[in-house]
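The values are calculated or read from the model by the stated rules, or taken from the named source; none is laboratory data. These numbers come from a predicted model, not from an experiment. Ideal geometry is used to build each Cβ from the backbone, glycine not excepted, and the neighbour counts take in all protein chains shown. Quick note on the areas: whole protein, heavy atoms, side chains included, nothing else; ligands and nucleic acids left out. Shrake-Rupley method; radii C 1.70, N 1.55, O 1.52, S 1.80 Å.
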Amino acid sequence: MYTLLLVDDEEEVTQIIAKKVKWNELGFSVVGHANNGLKALEMLEEIQPDVVMTDIRMPYMDGLELCGQIREKYPATKLVLFTGFDDFEYAKEAVHLEIEEYILKPLNAAEITKVFEDLKKKLDQEINEKKGAELLKRYYKDSLPLLQANFYSTLIEGRVPEEELGKYIMNYEIDFTGPWYACIIIHTSTTQVPKDIDVQLLAISVDRQAGERLEEKWRGKRFNYLGDTVMIVQLESKEEASELTDSCDRFCKYVNHMIGAVVTVGVGQVCDNILELVKSYQSAREAVSYRVLYGSNQAINLKEIVPKRKVATEAADGTELAYLFKMICLGKNPDVKSAVERYMEHKIVPTKSLEKYHVAVMELISEMYHFMVNNELDVQKLSGGAGQLYTLLSNMEPQVLEKWLLNLCLALHEDMANARDHSKRSLIDQAKEYVHNNYQEESLGLDDICKELGVSNSYFSSIFKKETGKSFVGYLTGYRMEKAARMLVETNEKSYMIAKNVGYTDPNYFSYVFKRQYGVSPSKYRTEYENI
């Protein structure tokens with residue numbers, strides 16, 4: 001069952017379309033109606049329908065402009081125009097928008113039925129192609145040449161000697177022009193899988209879609225590594241990292257909608273040296289692990305969620321300490337306790353001599369210092385300096401040492417959670433302040449605030465709605481309407497001047513938004529207040 005959004009400023013037209021056509025039998029469900037292009041764009045952000053059927057002539061934003069916006073932001077959405085005879089020649093000029101069909105008014109149920117029967121076949125065919133096992137297997141055989149894939153793997157592992165880098169790039173005909181680089185990791189969930197789809201084939205399908213949706217735009221080099229798709233991307237500037245994150249976030253939503261895959265994309269730190277990609281890969285891997293806190297089906301950029309965080313390095317003793325540090329960052333209190341017990345059981349309790357016990361304590365102190373410095377945590381929690389701390393801990397019995405370590409780790413776990421919350425609140429406060437200072441600007445929007453704050457649209461939109469209960473556009477509109485309402489009752493300014501003062505050059509659209517907010521027109525609002 002595909003979803004359909006109807007857009008027309010004449011409500012009776014959309015009602016007729018909804019009632020006269022047997023949508024369920026055609027395989028479609030009407031999920032909403034919008035009476036202008038701007039309202040349609042707001043609804044698209046929430047419901048992302050498979051098909052949008054729109055009139056051309058509407059207030060505030062016409063159908064062709066709406067189609068252009070949809071084609072840019074939601075390229076998978078199919079577009080159907082219905083139009084009066086006078087509009088038809090003009091509509092034909094929009095062929096580059098890849099409109100599926102034009103339907104002339106007056107609308108005919110039989111004609112609409114035929115159009116959507118054909119559209120249903122096309123949508124079915126596209127999905128079947130993406131899920132077709134034979135096509136996926138054939139695509140798998142045609143994946144990147146083995147030598148290139150091996151080189152990329154070696155590069156992110158940090159095993160390419162600097163003096164041999166140029167030779168590899170030339171011999172393998174690799175286009176690395178940068179000037180900035182980053183790793184992204186595309187992780188497909190193996191536990192949240194649609195019925196009747198093989199896990200391996202699903203991962204291959206996601207890999208293929210990454211090639212089609214991301215590779216060309218970001219000049220990517222795609223390969224498989226440790227069960228995930230990894231892509232080395234190239235950027236024109238360091239600031240493009242936010243746009244890259246948004247692009248990856250839209251990709252996650254797209255593959256989830258089209259083939260049901262639950263995907264998390266970790267975006268690594270940006271670097272200007274190819275040999276630094278090892279750090280970018282490590283930060284991308286760490287970003288993917290943060291899905292336990294922030295959820296899957298989205299892109300996660302570690303620089304955004306933990307702005308001061310440095311790239312984590314593997315703990316010197318390997319698995320146990322690395323796992324403990326991971327639980328401090330991502331786990332809950334019981335997970336931290338379990339990780340401390342695991343560390344003690346494997347690294348401290350088995351020591352058979354006093355010398356080995358002292359060495360293990362020394363390594364623990366050293367790695368704790370590194371972890372805290374890398375994450376800008378308060379090293380004063382390791383009181384007395386390394387020398388005094390070593391003397392103190394090396395004389396503790398294992399049970400006492402375990403208690404000390406658990407208390408320290410729980411304190412660090414709380415500090416990191418507080419730092420993340422503070423970072424979110426600070427971002428929201430900055431955004432609100434920016435709105436308060438710039439709401440008069442007509443062009444003010446999500447892109448402007450994200451550029452000002454240096455974060456991706458997807459991350460900012462997510463935390464803003466989570467923290468405030470409103471979308472950013474909703475908050476901006478609400479603030480503008482509050483200001484307008486105050487001006488109406490506190491000044492004698494004309495409505496069109498008040499509209500301009502709160503960022504609306506079109507007084508008619510201002511009145512429309514104001515009435516939607518308060519239930520009455522601006523003039524009636526002023527009159528009612530004066531009569532109180």
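With just the Cα atoms defining each centre, how far is the range 193-225 from the range 494-514? Give it in Å.
47 Å
Between A411 and Y529, what is 0.36 nm times their sequence separation minus the Cα-Cα distance? Round to one decimal in nm.
Details: separation 118, 0.36 × 118 = 42.48 nm, distance 5.48 nm.
Taking 0.36 nm per residue and subtracting the Cα distance, the gain is 37.0 nm.
Report the one residue of T468, Y504, Q430 whose Cα lies farthest in the direction of the positive end of the charge dipole of the range 407-532 (charges on C-beta: Lys and Arg +1, Asp and Glu -1; origin at the Cα centre).
The residue sitting farthest along the positive end of the dipole is Y504.
Roughly speaking, to the nearest percent, how much of the chain's 1.4 Å accessible area is carbon and sulfur? All intermediate terms of the calculation are to be shown ahead of the outcome.
Numbers: 13400 of 27490 Å².
On the chain, the fraction of accessible area on carbon and sulfur atoms equals 49 percent.
Using a simple spin-label model with points 7 Å from Cα along the Cα→Cβ vector, what separation in nm is obtained for K120 and K20?
So the two model labels end up 1.9 nm from each other.
Going 7 Å from the Cα of T177 toward and past its Cβ, which residues in the range 235-257 have a backbone nitrogen under 20 Å from where you end up?
235-241, 244
With a ≥ b ≥ c the root eigenvalues of the C-alpha gyration tensor of the range 1-132, is it rounded (a/c under 1.5), prolate (a/b larger than b/c) or oblate? Don't jump to the answer; show the numbers that get you there.
Working: a/c = 1.36, a/b = 1.21, b/c = 1.13.
Because its axes are fairly even, with a/c under 1.5, the range 1-132 counts as rounded.
Among the lysines, which fall within straight-line cross-link reach of K470, defined as a Cα-Cα distance under 26 Å, with same-chain neighbours fewer than 8 residues apart omitted?
Answer for K470, where 26 Å is the Cα cut-off: K39, K73, K253, K303, K424, K432, K451, K483, K500, K515, listed by chain and number.
Determine, from the Cβ-Cβ distance of R71 and V520 and an R0 of 45 Å, the FRET efficiency 1/(1 + (r/R0)^6), rounded to the nearest 0.05. Each step should come with its number before you reach the end.
Numbers: r = 37 Å, r/R0 = 0.82.
My answer for the efficiency is 0.75.
What whole-number value in Å² describes the accessible area per residue of the chain for a 1.4 Å probe? Numbers along the way, then the final one.
Working: 27490 Å² over 532 residues.
Per-residue value: 52 Å².
Enumerate the aspartates and glutamates that K114 could reach by cross-link, defined here as Cα to Cα under 20 Å, with residues fewer than 8 away along the same chain left out.
Candidates past the 8-residue exclusion: E25, D50, D55, E98, E100, E101, D124, E126.
Which aspartates and glutamates, if any, have their Cα less than 19 Å from the Cα of K466, not counting same-chain residues under 8 positions apart?
Answer for K466, where 19 Å is the Cα cut-off: E42, E45, E46, D246, D249, E304, D421, D429, E433, D447, listed by chain and number.
In nm, give the distance between the simple-model label positions of Q430 and H257, each being 7 Å from the Cα along the Cα-to-Cβ direction.
3.0 nm
Evaluate the distance, in nm, between pseudo-label points positioned 7 Å from the Cα of K466 and of K332 along their respective Cα→Cβ axes.
For the pair K466/K332, the computed spacing is 1.6 nm.
For Cα Rg over 2.2 N^0.38 Å, the choices are (1) 1.19; (2) 1.07; (3) 0.96; which was calculated from the structure?
Comparing each candidate, only (1) matches the computed number.
Quote the FRET efficiency, to the nearest 0.05, computed for K238 versus D506 with a Förster distance R0 of 56 Å and r equal to the Cβ-Cβ distance. The partial results should precede the final answer.
Details: r = 37 Å, r/R0 = 0.67.
With R0 = 56 Å, the Cβ-Cβ based efficiency is 0.90.
In terms of the Cα gyration tensor, with a ≥ b ≥ c the square roots of its eigenvalues, is the range 350-458 rounded because a/c is under 1.5, prolate because a/b exceeds b/c, or oblate?
Numbers: a/c = 4.38, a/b = 4.05, b/c = 1.08.
Note, shape of the range 350-458 comes out prolate.
Can you list the GluC sites (Glu not before Pro) in the range 377-445 that are in a DSSP coil and have 16 or fewer other beta carbons within 10 angstrom? Intermediate results must be reported in sequence, preceding the final value.
Details: sites: E402, E414, E433, E441, E442; in loops: E441, E442.
Here the GluC sites (Glu not before Pro) that fit, given the DSSP loop and packing criteria, are E441, E442.
Using 1/(1 + (r/R0)^6) with R0 = 35 angstrom and r between the beta carbons of D421 and R486, what's the FRET efficiency to the nearest 0.05?
Details: r = 33 Å, r/R0 = 0.93.
Computed FRET efficiency for D421 and R486 comes out at 0.60.
In whole angstrom, how far apart do the alpha carbon centroids of the range 318-337 and the range 447-464 sit?
Distance between centres, Cα-based: 30 Å.
Rounded to the nearest 500, what is the 222 nm mean residue ellipticity of the chain from helices alone, with -39500 (n - 2.57) per DSSP H run of 4+ residues and division by all residues? All intermediate terms of the calculation are to be shown ahead of the outcome.
Details: 25 runs with 308 residues, N = 532.
Computed ellipticity for the chain at 222 nm equals -18000 deg cm²/dmol.
When a/c is below 1.5 the answer is rounded, else prolate if a/b is larger than b/c, else oblate, so apply that to the range 396-532 with a ≥ b ≥ c taken from the square roots of the Cα gyration tensor eigenvalues.
On the way: a/c = 4.37, a/b = 2.98, b/c = 1.47.
Prolate shape, in that a/c is at least 1.5 and a/b is the bigger ratio.
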